[in-house]
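A short write-up of the structure that comes next.
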Amino acid sequence: MPSELYAVDKAEKKPNFIIIFCDNLGYGDIEPFGSTLHRTPNLNRMAKEGRKFTHFYVTAGVCTPSRSSIMTGCYSQRVGMHTNPRDGWVLFPASPYGLNPSEVTIAEVLKEQGYATGIVGKWHLGDQPEFLPTRQGFDWFYGLPYSDNMTANKKRGWPPLPLMENEKVIEAPVDRDPLTKRLTERAMQWIAEHKDEPFFLYFPQAMPGSTTTPFASPAFKGKSKNGPWGDAVEELDWSMGVMMDQLIELGIAENTFVIWTSDNGAPINKGDLRRGSNLPLYGAGYTSSEGAFRVPTIVWQPGKVPAGTVCDELATTMDLLPTFAKLAGGKLPKNRKIDGHDIAPLLFGEAEEKTPYEVFYFYHQQQLQAVRSGPWKLFLPVSSERMQLHLKKKGKTEYLLFNVVEDITSEHNVAAEHPEIVARLKRFAEEAREDLGDTGKRGAGQRLPGKVDNPVAQVLKD
C-alpha cells in the first residue's frame, strides 16, 4: 500500500517527526529486545504502545557513515562519507572533510514543506562551518560536533570537547556527566516552542558513547546492574519517557511520529557486557556482522502506529528521508539517486506488506563484505579480514551463507547446501561493485564528500 494513503492533503495538519539516534547502543541493550541487565520501563512502554522492528539496519558499523545515511537516504559509499585519506572511517576534530553541502538532507526536504528543523546532540558529519547542521537544513543546532571521546589532544591538534549552539562554541570542555539530561531539557524546550507548527527534531544522543567510559548524571550514576554502560542506558530510557510525556501533555502526540534507534551496535570486547550487548546477534559494532548493523528500533505514534506490534521485515535508516518526505507532502530530488524506500506501510502496520529491499549491502569503508537478500546473508571472501569477524573466526576466506531469520546467531554456514542462492547473491555483489565500488575500484554511482582547505578546530572564544 503506497504512503499516498498516509500523506497529508492541504487541509490537514502536517505530521511532526522525531528521530532519536543513540550512540553505540546494542541490539540487546534494552528490555524490549531482551536485556535483563538494564531497566528500561519507558522503552517497554514505547514498545507496548508502538511497534518494534527486529530487522532494522543501519548502513555502517560505525558512526560517521551511519549518520550520513540517515541524513541523505543513501549508502555512505554513494555520498563519499564511508572513508577519507585523512581520518579513515570516522571524522576527527578539525577534519577538512564533511557531508557535501550539495547533498540534499532530510532536514532540507522537510524545510521545503514548511517544517521547523532542529538537531540536539551529536552531529559527526563535519565540524567546519560549511558542514555544520545549520548549513545542512537545520534551523538550530545544540550539541557536539563529533564523538564525546574526542577530547583535548595537543599532539593531534584536538581542542577541548566543545558544546555548540548553532555555529558557536558555548562551552569547552563540556561536562559529559549531565550531558543526556541537558540535551533532553533543550530538546523538550525546542519542542514546546514549535508545538503549533510542523517540526522535525533530530535527536542523536551522545550516549552510551564511544570507547570511553559512558557518562550519566548523578541521579543515574552507579544505579544500574551494569556499571557505567548500564547507567547511561537507563538515563537514555528516562529521556524517552520525558519526551513521550511531554508530547502527550502538549496535545501533539497523535500528530507526532517518533522513531527510537541506534547508529550501530555496541563495540563489545570478548563478550564484555559492560561495553554493551548485541545478543542474541553475532558480533560487535565497527564490523560487518549482524551485531553491528542490526539495531534495536521502536516507532510510536498513538492512534497511528498499531500498539504492541512487531515488524520482522527488513528496513533501514535510509528509508526515513523518502518516507518522511511523502508523509509531509514533499518530493525527493530528481537529480540524484536515493537508495532508501518509502516504508510507511511497514511503519503503520499494513497487513501483508513486505520489505521493499531486493538486496541490502554491508560495507566496511570501501570494502564490500556481505550481501543480504530475503533471509539470506552472504559473506564474501576478502583479501584482508579486517572487521569481518566470521572470516577471522574461521581462519580462511570463503563464501559464508547464513539464514539470519532462522539462525539469528549466525552460527550455521549453509553455503554448500544452497549453491543457487550463493550464485544469486554473488551477482548482487557484482552490481554493488559497479555502482558503489569496492576495494581498489570506484563505483559509477559514487559522489564526492565535501572538502575545505585549511580546516580549523572549533574552540571557545572570548
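The values are calculated or read from the model by the stated rules, or taken from the named source; none is laboratory data. Just so it is clear, the structure is predicted and the values come from calculations on it, not from any experiment. Cβ atoms come from the backbone with ideal geometry, glycine included; neighbour counts cover every protein chain shown.
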- Task: Within the range 274-314, count every residue that is more than 26 Å from residue 234 (Cα to Cα) and either in contact with a strand residue (DSSP E or B) (Cβ under 6 Å, 6 or more places away or on another chain) or among the polar types (S, T, N, Q) (or both).
- Result: 1
- Message: Give all pairs with beta carbons closer than 7 Å in which a residue from the range 426-449 that is in contact (Cβ under 8 Å) with a residue 24 or more places away in the chain and more than 15 Å from residue 367 (Cβ to Cβ) meets a residue that is surrounded by 17 or more Cβ atoms within 10 Å (Cβ to Cβ) and charged (D, E, K, R); count only pairs at least 6 apart in sequence or on separate chains.
- Response: 445/78; 445/435; 447/78
- Message: List pairs: first residue in the range 26-42 and assigned by TED's automatic domain parsing to the domain that holds residue 221 and without any contact (Cβ under 8 Å) to a residue 40 or more places away in the chain, second residue in a helix (DSSP H, G or I) and not hydroxyl-bearing (Ser, Thr, Tyr) anywhere in the structure, Cβ distance under 9 angstrom, at least six positions apart or on different chains.
- Response: 31/41; 31/43; 31/44; 31/47; 31/237
- Could you grab me the full set of residues in the range 49-74 that are among the basic types (Lys, Arg) and assigned to a helix (DSSP H, G or I)? 67
- Does the range 86-106 include one or more residues that are of a type in the set (Gly, Ala, Ser) and either outside the structural domain of residue 136 (by TED's automatic domain parsing) or closer than 13 Å to residue 366 by Cβ (or both)? yes
- Message: Within the range 92-104, does at least one residue satisfy the condition of being farther than 26 Å from residue 332 by Cβ and either among the hydroxyl-bearing types (Ser, Thr, Tyr) or free of Cβ contacts under 8 Å to residues at least 24 places away in the same chain (or both)?
- Response: yes
- Message: Every residue in the range 207-228 that is crowded, with 23+ Cβ neighbours inside 10 Å and either under 19 Å from the mean Cα position of the chain (by Cα) or closer than 28 Å to residue 110 by Cβ (or both), please.
- Response: 207, 208, 209, 214
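This table checks each residue for (1) of a type in the set (Val, Ile, Thr); (2) in a helix (DSSP H, G or I); (3) modelled with pLDDT of 95 or more.
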| position | (1), (2), (3) |
| --- | --- |
| 7 | no, no, no |
| 19 | yes, no, yes |
| 47 | no, yes, yes |
| 110 | no, yes, yes |
- Task: Scan the range 151-170 for residues that are farther than 22 Å from residue 184 by Cβ and not polar (S, T, N, Q) and jot them down.
- Result: 152, 154, 155, 156, 157, 158, 159, 160, 167
- Expected output for the range 395-417 (first residue farther than 20 Å from residue 291 by Cβ and touching a residue at least 12 places away in the same chain (Cβ under 8 Å), partner of a type in the set (A, V, I, L, M, F, W, C) and in a loop (DSSP other than H, G, I, E, B), Cβ below 8 Å, 6+ apart or cross-chain) is 397/382; 398/415; 399/380; 399/415
- If the Cβ limit is 6 Å and pairs must be 6+ apart or interchain, which residue in the range 142-159 that is part of a loop (DSSP other than H, G, I, E, B) pairs with which residue that is modelled with pLDDT under 95 and surrounded by 13 or more Cβ atoms within 10 Å (Cβ to Cβ)? 147/210; 148/209; 149/210; 149/212
- Task: Enumerate the pairs (first residue in the range 361-375 and farther than 16 Å from residue 427 by Cβ and free of Cβ contacts under 8 Å to residues at least 24 places away in the same chain; second residue anywhere and part of a strand (DSSP E or B) and of a type in the set (Gly, Ala, Ser)) with beta-carbon separation below 6 Å, excluding pairs fewer than 6 apart on the same chain, so at least 6 apart or on different chains.
- Result: none
- Item | Condition broken by residue 246, with the remaining ones in (1) under 29 Å from residue 132 (Cβ atoms); (2) assigned to a loop (DSSP other than H, G, I, E, B) satisfied | (2)
- Message: With the requirement that a residue be surrounded by 24 or more Cβ atoms within 10 Å (Cβ to Cβ) and among the acidic types (Asp, Glu), what does the range 119-147 give you?
- Response: 127
- Message: I'm told residue 305 meets every condition in (1) over 25 Å from residue 321 (Cα atoms); (2) assigned to a loop (DSSP other than H, G, I, E, B) except one. Can you identify the failing condition by its number?
- Response: (1)
- Item | Residues being acidic (Asp, Glu), in contact (Cβ under 8 Å) with a residue 24 or more places away in the chain and closer than 22 Å to residue 216 by Cα - total across the range 160-191 | 3
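Let's see how each residue does on (1) touching a residue at least 60 places away in the same chain (Cβ under 8 Å); (2) more than 24 Å from residue 370 (Cβ to Cβ):
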site	(1), (2)
289	yes, no
300	yes, yes
303	no, yes
308	yes, yes
325	yes, yes
329	yes, yes
344	yes, yes
- Task: Identify, by number, the condition in (1) crowded, with 16+ Cβ neighbours inside 10 Å; (2) in contact (Cβ under 8 Å) with a residue 24 or more places away in the chain; (3) part of a helix (DSSP H, G or I) that residue 266 doesn't meet.
- Result: (3)
- Item | In the range 305-358, residue farthest from residue 68 (Cα to Cα) [restricted to those that are hydroxyl-bearing (Ser, Thr, Tyr) and surrounded by fewer than 24 Cβ atoms within 10 Å (Cβ to Cβ)] | 309
